[in-house]
Amino acid sequence: MKVTYDVLLNLINQKKYQPLILLQGEEPYYVDKLTHLIQDTFFEDEAMRDFNFNLFYGLDTTPQAVAAAARQYPMMAPLRLVIVREAQHLKKIEDLSAYAKSPQPQTVLVLSFMEGEKLNGKTSLSRQIQENGLFFDSPKIYENKMAEHVKRMADEKNLIIHEREAQLLIANVGDLTRISNELNKISALTPKGQCQELTKELIEKHIGISREFNIYELQTAVLSRNYDKAYAICEYYVNNPHKCLPGYFNILHAAFFQLMKCYYSADKSEMYLKSIGVHWKEYGFYSNSRYSINGIRNILHLINQYSVDDKGGRGYTTDRPQLLKELVVKILHS
């Protein structure tokens, strides 16, 4: 059965488990959080845990070892718990389908996929988990929704954060996992039972405003014409030139090429665009409001030129971060 985060959270808190639980999705924070929550709250005491818990990592185990552990009966406890972390690395994971077809009812087997990886939905294992267990797919969180999740996260840690301060964290810390870790620092400094309001000064004092960016954040900022964020990322690369890697121009070129495919596609439905490799929720939106088709053609030509310059093809000696910054400025003002 497919479940949402809130539904699964409620089931875990009530200890209402199914024999199979699959955790996966594009937002790793919620996958990791639910995995930890199950592991930390499943048993009433350590004695039960010692005899009835197996933790595997995908790279270090096999489907046969996981199935063998899951088939064991609990000792002095109502249920056993078997968790496979980094399950995306489990070779021949489909071999678990024989176990999933008839799982041990007194065992809860948790498959936790990280790094945005997912189990192939067309396999028999995926179908059996949906029939005999709980299936959670953590959706990608887009930038305009991040603040909502930060506020909720803070509330869970007995912290109060307003929109402006949430945006400050997002801009300077980045993904939800890092933000959660930073909020834990402040939560640990808050007297037990008290509620702490996160001000700009408190964030700057205990968290700081330094962060690392990646090219995909720059890609999103440029596609959405978010000038401030795009310039901030470019400045980050200028100040950290070793972070500006070869191939960044190719990634930007690929993004605008996807945008062009959106324009030229007669069928702009989500299903069709996904079938030709276009991420509909991003490119479908940007293609309708940010760049014209002629603008995209010019930008693709411009990126090609800068890619050649980066390789010294036209005699340019400017370093890569400066070239990237120049390119982004020209794209945003095209």
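Helix 28-41 versus the longest principal axis of the chain: what angle, 0 to 90°, nearest 10, using Cα atoms? Relative to the chain, helix 28-41 is tipped by roughly 20 degrees.
Charge tally around R49: other residues with Cβ under 15 Å, Lys/Arg +1 each, Asp/Glu -1 each, net -3.
Cross-link partners of K122 among aspartates and glutamates, defined as those whose alpha carbon lies under 12 angstrom from its own and excluding same-chain residues fewer than eight positions apart: E94.
Axis of helix 146-156 versus longest Cα principal axis of the chain: the two differ by about 30°, to the nearest ten degrees. Between N120 and L11, the contour length at 0.36 nm per residue exceeds the alpha carbon distance by 36.7 nm.
For the chain, the longest principal axis of the Cα atoms and the long axis of helix 227-239 meet at an angle of about 90 degrees. Considering all different alpha carbon pairs of the chain, the Kirkwood hydrodynamic radius works out to 22.9 Å.
Calculated mean residue ellipticity at 222 nm for the chain: -15500 deg cm²/dmol, from DSSP H runs with n ≥ 4 weighted as -39500 (n - 2.57), summed, divided by the residue count and rounded to 500.
Think of the chain as having a plus end and a minus end, set by charges on the Cβ of Lys, Arg, Asp and Glu; of V66, F43, Q128, Q128 sits farthest toward the positive end of this dipole. GNM remark for the chain: springs join alpha carbons under 10 Å apart, and the peak mean-square fluctuation among S102, S180, S112 falls on S102.
Any chance you could run the full-extension gain for I293 through F257? It's 0.36 nm times the residue separation minus the Cα-Cα distance, nm to one decimal.
Working it through step by step, the gained length comes to 11.9 nm.
Each 10 Å bin from zero up to the one holding the largest Cα-Cα distance in region 126-180 carries the following percent of pairs: 21, 42, 17, 16, 3.
Computed from phi, the 3J(HN,Hα) profile of region 251-261 under the Karplus parametrisation 6.51, -1.76, 1.60 (θ = phi - 60°) reads 5, 5, 4, 4, 5, 6, 5, 4, 4, 5, 4 Hz, with x in place of Gly and Pro.
Read-outs throughout are calculated quantities, based only on the coordinates presented, and are distinct from any laboratory measurement. What you see is a predicted model, and the numbers here were worked out from it, not measured in a lab. FYI the Cβ positions are ideal-geometry reconstructions off the backbone, even for glycines, and counts take in every protein chain you see.
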